[in-house]
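Bear in mind that the values in this text are calculations on the coordinates, not laboratory data. If you're wondering where the values come from, they're calculated on a predicted model, not measured in any experiment. Here the Cβ positions follow ideal geometry from the backbone for every residue, glycine too, while neighbour counts run over all protein chains shown.
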Amino acid sequence: MFSKSNVLGTLSGFVILFFLGYLYYDILANDFMKEASNQAISKIPADMLYLSLGLLIQAFSMSTLYQKLTGHETGLSSGFKFGAWIGVLVGFGMGFVWYGTADIYTLNGHLVDAVWSVVFYGVVGAAIGWTQQKMN
């Protein structure tokens, strides 16, 4: 569980989650997501400790699951597919649950976020897959 490939996969996943998330949510889609929000839900400034801790847990979980589920088939392609399925789970699955139970985003906001989640987590998965391939 704490092998070199898993730790480095976690680190690469964390870096991508942190910086790509910042690029998308704080720069590229900031105005759209504010418009699609049903309320002022963002903490400004963000609590970086808990944000970083949550992203580290996500990266570790993804790296560990990827390692356990794929075995020796590692790389960019298998990592992207794995991450994209995580994106479907989070973006569409949890997005529709949140839409049905909480007043966070409009339906359009959830759909855009869901599509982004597939790409976002796909890229994270590709980074994890590539890192683990290089370590094996």
Please sort through the DSSP H helices of the chain and keep those with an alpha-carbon extent of at least 20 Å along the long axis and a Kyte-Doolittle average not below 0.5.
4-21, 48-70, 107-135
Would you pull out the residues with amide H under 5 Å of Tyr105's amide H, same chain only if 5 or more places away, H placed 1.01 Å from N?
Asn38
In the chain, what is the count of Lys pairs whose alpha carbons are under 26 Å apart, counting only pairs at least 8 residues apart or on separate chains?
7
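Determine the relative contact order of the chain: mean sequence separation of Cα pairs under 8 Å and six or more apart, normalised by residue count, in whole percent.
Working: 181 pairs, mean separation 54.7, N = 136.
Result for the chain is 40 percent.
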Relative frequency of Cα-Cα separations exceeding 19 Å in segment 4-135, percent:
50
Counting other Cβ atoms within 10 Å of each Cβ, which trypsin sites (Lys or Arg not before Pro) in segment 11-76 have at most 13 and sit in a DSSP loop?
Lys43
About its Cα centre, the chain carries a charge dipole, from +1 on Lys and Arg Cβ atoms and -1 on Asp and Glu Cβ atoms, whose size in debye to the nearest 20 is 500
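Run the numbers on segment 1-76 and let me know its relative contact order in percent, using alpha-carbon pairs under 8 Å that are six or more apart.
On the way: 30 pairs, mean separation 44.3, N = 76.
Here the relative contact order equals 58 percent.
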